[in-house]
Structure formats: C-alpha cells, structure tokens
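The values are calculated or read from the model by the stated rules, or taken from the named source; none is laboratory data. Since the structure is predicted, the reported quantities are computational estimates derived from the model, not experimental observations. A quick note on method: Cβ atoms are made from the backbone with ideal geometry, for glycine too, and the neighbour counts reach across all protein chains shown.
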There are 2 protein chains.
Amino acid sequence: MNYPLDPIAVIRSPYREKFATPRQPGLTPSVRAIVEFYPGFCPPEAVRGLEGFSHIWLLFLFHQNWQKGWQPTVRPPRLGGNKRVGVYASRSPFRPNPIGLSAVKLLGIDCTEGRATLEIEGADLIDGTPVLDIKPYLPYGDSIADARGGFAEKAPGEQLVVEFSPEAMIDLQHYQAVSPRLKMMICETLVLDPRPAYQRNDNSQREYGMLLEAYNVRWQVRENVALVTRILPAE
Amino acid sequence: MNYPLDPIAVIRSPYREKFATPRQPGLTPSVRAIVEFYPGFCPPEAVRGLEGFSHIWLLFLFHQNWQKGWQPTVRPPRLGGNKRVGVYASRSPFRPNPIGLSAVKLLGIDCTEGRATLEIEGADLIDGTPVLDIKPYLPYGDSIADARGGFAEKAPGEQLVVEFSPEAMIDLQHYQAVSPRLKMMICETLVLDPRPAYQRNDNSQREYGMLLEAYNVRWQVRENVALVTRILPAE
C-alpha cells in the first residue's frame, strides 16, 4: 500500500539551488526563510499556541531528488566523501522516502490576510521545498542531551576564512539598503566551505558561484581563505 | 502535486491498540519494539554505521487515522482535554499529513538471514505502524537544550501509583518465565494514566482493559491508585 501525501506549505528561502545550501540547520543564523502555507492548510487558528515554542520541526521533501532512486550506502560529506555508510545511518537526501527533518528557530508568525506564514532562522532548505508537516519542538522528548552521534558528533564548524575583494566590498555597499544581512549571509554560508569534498584540495583557483536571494555571489578558494570576488545581480 | 510514499518497514510492538499506548517515546523503558524492514528496503549494508548512534528517529504514519481528516485545532490531553490549540502547535495524530516523529533508543541491530531489523526501547507506537524513514539522531542539530516548549515544557510524569491484586500477582508469576518484563511494562504504562481526560475524575470504579503483548490487562482506578485486577490471555 502506498500513501499519497500532499504538501501543506512551501519554503521561501534565499538559497536558490542545491549547491551552497547548508547541509544542517542552525549554522547560518542570518539567513531567514518563510514557511508559506498553501490555501486550505493555513487557517490562523491552526497555529494557535505555536508562539509559545522557540523551535519547530519541519518535515519536508527533498523534491529535487524525487524519484531519483537510492542506494543502500552513501558517502557523507562529513567523512570526506570517500567512506560509505548505510543510508539509514545518514541524513542523505537520497533515501527510499526522500523526507527531510530539520529543527529550526521560529522567529515569527504572521496571520495577516487571513492565512498564516512562519518566519524561521537558519534553514538548510532550497527555495521551493515542499513541506509535509510542522510540529512543535518538545524539549523533553526531542532533546536528548546524552545521545551519542556516531561519525557526526559535532557541528561541522568553520572550514574557511571569508574575505571580500575591493570590488565585492563596493557591490555590498551598493546592496546594503535592500539586503542589510547580505554580507553576514555570505560569510555564514561560505565559512562552511560548500565545495564538494573531492574539490577541497584543488588549488586551481577555480571560480565558484551561488545564487543567494537576488544575487550571484562569485568566489575563489586559496588555502583556507574564501575570497568573494564579485556580487552581481542574478540576471 | 501529491507524493506517494511507500512504507519501508513496520513496527512490531507489544501495544496492540491505541488505548494505553503512550503518547510520547521514552516513558516506558521496559517496553521493546522491533523495526521490521520490508523486503527490498533492508539490505544489511543500509544500516552500516548505525550502531555508532545511541538514538534514532522514526518517521511513521498514524495509519489508524489515515484519511480520517483533520481540524485546525485540537485538544491536547496535556491541557486536560478541554483547551484547544492549533494542530501545528501539537503532536496530535490528526494532522493534514498524519506523519509521526519519535526519537527512540536503539538497543540492537540484527542482520541475520540477510535482512536488517532494529530493536528499540520505549516506543510510543502501535503494533503494525508503517515506518516511512529511519534517521540517525544527531545531537548537535537535533538536541536543542535551550528550546522553550510552550504548554508542554516537561515530561508528563507519573500520574498514578500502580498496585496489583493478589489474583493479578498470581497471574504475573504464571507468565514470569515467558514475559519477564511484563510487570514493569504494565507499571510503566499505567503510571501514565491512559484514561481519556474526561474520565480522570470518574470514581465509578469502571474496569479498564488493554492488550499488551499476548495479554489482556484489567485494572480499576480509585483516587490516585491503578489497581491491576487480572492479567488474562488475550484470546
């Protein structure tokens, strides 16, 4: 028997593509996203009481991987991308049922215009991600302080130092009024080193680009420094 | 667009029916359950590395509520059953997508006969529950020590004292060899007071029954004491 599930909401996020989207929530506190409920799923009373919770669970679909299949083992980026673990021992998006799970900070609830939207912090989600469920984070059942974490005990932490070229600094000033958190968002994202594991020892000064909000952010990596070279409008 | 999801596994649990099944995981440590993967979803390598994690997430379906519909507000038992909160501010099983989320202790992994099964502790799950996904519990992303918990800050705690009648003590001795944890399972389950909120002030000495493993457990409540009167075979 299979169970057809309809998304209740969609994520509006500054991350426009999979590359550079953080792999865990909570690492990019300057990044804000919106949970936009679909009509029929968002009467304001459906979020009554949610304001008492500091964090919520998002159950979402890795929609870009929908029907791309799965393998019994995966190579987590946290293990350098060259060691295999079982798919159920990982949070890989390539799973039999590609459902993602993230605990995120709830910043605000907006019920104007007769429908609810939620503002959340630090989400690891691509713009357009379909949401299956929203649940309150219950500390006594969900926060297990003494849990052992296998190969991923600690947060990934800072991988790179982020610097800006003179041109990029001028670009930032240009967008400052419209996007006051842009510099912080770029720093928090690039410090995690979004490059695939197999490129991390590549010193060819390859130029990388990511779409962030309405911007095309360009950077290069040399040793442990990510140098942002330009911030251009995304077309 | 809707997304058809196929369960990857099924829960084998001593709880045979919704009544008396705990509403949160972790409250009944003597109760063990099995995650039994379906063929095709359980090659042993799919759980490689999972033994390094002390806890796992279960994403499952509240299958007994499938297509029973939902309301924007629910009355959580934790609020006495008479105050309404939004469905997204609750863990109610009556949700637009009836997916449940539980963090449980992983006791063991069995890969004999070429397929994996998992033994878990203290699950709040009915026998036969379909499982959509198994994920490792990652403390640094999932354990948020300073989260605020709205109306459900603390674990429910002990509601009743559990006592056994002389007849029930004889029944227990009778089943001791087959079910050595039966007494503890009964105690841990009844101490939570499974009665619906509206019956909690009822002193009519109504007799209650629950199916637990192969047993039909009978009890009465007087003041703050649950008195187990008999433990019978469940037909």
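A few notes on this one:
- Number of positions in the range A:18-51 that are within 11 Å of chain B (Cβ to nearest Cβ), closer than 16 Å to residue A:121 by Cα and not acidic (Asp, Glu): 8
- Residues satisfying the stated conditions in the range A:212-221, i.e. closer than 16 Å to residue A:187 by Cα and surrounded by fewer than 18 Cβ atoms within 10 Å (Cβ to Cβ): A:216, A:220
- Among the candidates B:107, B:101, B:58, residue that is in contact (Cβ under 8 Å) with a residue 12 or more places away in the chain and within 9 Å of chain A (Cβ to nearest Cβ): B:101
- Candidates A:56, A:34, filtered to the one that is crowded, with 21+ Cβ neighbours inside 10 Å, assigned to a strand (DSSP E or B) and in the same structural domain as residue A:119 (by TED's automatic domain parsing): A:56
- Filtered residues of the range A:59-91 (kept if among the hydrophobic types (A, V, I, L, M, F, W, C) and more than 16 Å from residue B:136 (Cα to Cα)): A:60, A:61, A:62, A:66, A:70
- Check on residue B:178, farther than 26 Å from residue B:61 by Cβ, touching a strand residue (DSSP E or B) at 6+ places or on another chain (Cβ under 8 Å) and either surrounded by fewer than 22 Cβ atoms within 10 Å (Cβ to Cβ) or not assigned by TED's automatic domain parsing to the domain that holds residue B:104 (or both): no
- Residues of the range B:2-17 classified as assigned to a loop (DSSP other than H, G, I, E, B) and more than 7 Å from chain A (Cβ to nearest Cβ), total: 5
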